1. Hey, can you tell me all the residues within the stretch 330-356 that are in a helix (DSSP H, G or I), in contact (Cβ under 8 Å) with a residue 60 or more places away in the chain and within 28 Å of the chain's Cα centre (by Cα)?
2. So how many residues does the stretch 87-122 have that are assigned to a helix (DSSP H, G or I) and over 20 Å from residue 169 (Cα atoms)?
3. Could you count how many residues in the stretch 51-95 are crowded, with 20+ Cβ neighbours inside 10 Å, farther than 17 Å from residue 114 by Cβ and either in contact with a helix residue (DSSP H, G or I) (Cβ under 6 Å, 6 or more places away or on another chain) or without any contact (Cβ under 8 Å) to a residue 12 or more places away in the chain (or both)?
4. All but one of (1) in contact with a helix residue (DSSP H, G or I) (Cβ under 6 Å, 6 or more places away or on another chain); (2) closer than 19 Å to residue 228 by Cβ; (3) assigned to a helix (DSSP H, G or I) hold for residue 215, so report the exception by its number.
5. Does residue 340 satisfy the criteria of being outside the structural domain of residue 277 (by TED's automatic domain parsing) and within 23 Å of residue 40 (Cα to Cα)?
6. Does the stretch 63-75 contain any residue that is outside the structural domain of residue 351 (by TED's automatic domain parsing), part of a strand (DSSP E or B), within 30 Å of residue 134 (Cβ to Cβ) and at pLDDT 50 or above?
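The values are calculated or read from the model by the stated rules, or taken from the named source; none is laboratory data. Being a predicted model, the structure only gives us computed values, none of them experimental. Note that we place each Cβ from the backbone using ideal geometry, even for glycine, and neighbour counts take in every protein chain shown.
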């Protein structure tokens with residue numbers, strides 16, 4: 001199954017320039033309506049770190065003027081993601097029903113035929129991945145036949161497009177190939193895992209896996225599959241190196257690989273991405289890690305973005321005032337703000353009903369709550385579910401009889417509190433003192449019972 005990104009509760013459009021040129025951007029218009037929508041936000045971001053947000057009204061209508069150059073975008077809304085093409089000085093119109101987003105999605109305006117092709121391609125992929133476990137259970141020959149059939153259908157749909165620029169045609173053709181290569185590469189591991197059978201790929205199978213001789217920057221900024229592949233390859237290769245050389249940590253191995261990367265554009269993008277990710281999980285000595293990044297990076301723009309990211313984390317050091325949340329809906333009625341809890345220690349759990357690791361922590365959190373019941377500490381769970389899942393949130397709290405203070409964030413993963421804490425993944429646990437200052441912005445999880453209780457027992461509860 002393809003990895004789903006955590007930001008699944010808002011509309012994301014990922015800007016990827018087909019040509020990284022220096023021409024001045026023009027203005028494009030993006031408009032449309034999503035029926036049965038409760039509103040939300042679009043987030044514009046590219047794979048190099050650019051990000052911009054704007055709102056969808058509660059009636060589902062949206063209209064915005066965007067400063068950009070021609071490019072491919074990825075749009076996701078209510079747990080769905082969709083590529084689109086937006087041209088400079090053009091107009092893209094999007095219409096759908098949130099009850100069946102992909103089944104009703106329709107594009108009008110400029111580049112409508114191309115965008116509707118992306119819809120049909122995405123539907124093919126979704127249909128395949130809905131049955132991916134059964135495909136990976138097939139014997140090799142049957143599996144290869146299934147992939148060949150998928151390839152033929154995808155290429156037929158692609159061939160129906162008229163008058164595509166040659167550059168874009170090549171990028172899309174490569175993107176199809178990267179997706180199919182990903183499925184092929186995942187087969188041996190998944191077949192063994194699912195069937196429990198021993199398996200050695202045949203020569204015929206191995207011959208279909210293409211060896212990459214050099215990295216392609218244009219494909220990297222067009223194909224999500226290719227982009228993700230290079231990032232995952234970085235993580236896996238670094239893990240292998242650190243296991244073989246005990247003097248190198250995973251993060252040091254990542255920097256070592258990237259320092260030897262031949263494609264400067266991709267290297268700088270991956271270097272910034274891995275640095276920002278790791279800064280979010282390093283509990284101590286972020287400064288040294290940041291300085292190592294700065295010594296490796298040669299891209300002033302990426303350096304500025306990573307520096308801003310690092311400086312934001314400095315605001316989360318122990319003793320600094322915690323970012324605030326205000327008037328979050330309380331399951332027990334009314335609203336609650338962080339300032340309402342002053343005078344108490346506060347242990348915050350940022351979670352969502354769709355997050356399996358979050359739900360796995362609930363029994364452990366209940367146990368911790370019982371241990372410290374009546375003490376000078378509040379246990380606060382903040383849901384970052386989308387507005388449309390508010391009923392799901394309420395039902396889960398009732399079903400599991402969840403205790404503590406149960407709050408619903410005002411703008412899901414785009415809530416300012418979540419942004420200020422630089423939260424990239426959940427569950428996330430935060431511990432504050434009685435004055436609302438940070439004790440730990442990456443506190444131990446409830447499942448880390450010994451670590452958490454040792455920390456809590458140092459407090460004057």
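1. First, pick out the residues of the stretch 330-356 that are in a helix (DSSP H, G or I): 338-341, 356.
In the following step, the residues that additionally are in contact (Cβ under 8 Å) with a residue 60 or more places away in the chain were identified as 338-339, 341.
The one that is in a helix (DSSP H, G or I), in contact (Cβ under 8 Å) with a residue 60 or more places away in the chain and within 28 Å of the chain's Cα centre (by Cα): 338.
2. Taking the stretch 87-122 and keeping what is assigned to a helix (DSSP H, G or I), we get 98-104, 112-122.
Retained after the next criterion (residues that are over 20 Å from residue 169 (Cα atoms)): 98-104.
Number satisfying all stated conditions: 7.
3. Within the stretch 51-95, residues that are crowded, with 20+ Cβ neighbours inside 10 Å, farther than 17 Å from residue 114 by Cβ and either in contact with a helix residue (DSSP H, G or I) (Cβ under 6 Å, 6 or more places away or on another chain) or without any contact (Cβ under 8 Å) to a residue 12 or more places away in the chain (or both) number 1.
4. Here residue 215 meets the rest and fails (3).
5. Details: outside the structural domain of residue 277 (by TED's automatic domain parsing): yes; within 23 Å of residue 40 (Cα to Cα): no.
No; evaluated as a whole, the condition is false for this residue.
6. Filtering the stretch 63-75 for residues outside the structural domain of residue 351 (by TED's automatic domain parsing) gives 63-75.
So of that shortlist, the ones also part of a strand (DSSP E or B) come out as 63-68, 71-75.
Checking the rest, the ones that are also within 30 Å of residue 134 (Cβ to Cβ) come to 74-75.
Retained after the next criterion (residues that are at pLDDT 50 or above): 74-75.
The answer is yes; a qualifying residue exists.
Quick grid of which residues meet (1) assigned to a helix (DSSP H, G or I); (2) at pLDDT below 95:
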{"residue": "358", "(1), (2)": "yes, no"}
{"residue": "363", "(1), (2)": "yes, no"}
{"residue": "367", "(1), (2)": "yes, no"}
{"residue": "389", "(1), (2)": "yes, yes"}
{"residue": "395", "(1), (2)": "yes, no"}
{"residue": "410", "(1), (2)": "no, yes"}
{"residue": "425", "(1), (2)": "no, yes"}
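Yes/no matrix, rows are residues, columns are (1) in contact with a helix residue (DSSP H, G or I) (Cβ under 6 Å, 6 or more places away or on another chain); (2) part of a loop (DSSP other than H, G, I, E, B); (3) in contact (Cβ under 8 Å) with a residue 40 or more places away in the chain:
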site	(1), (2), (3)
277	no, no, yes
283	no, yes, yes
293	yes, no, no
305	no, no, yes
312	no, no, yes
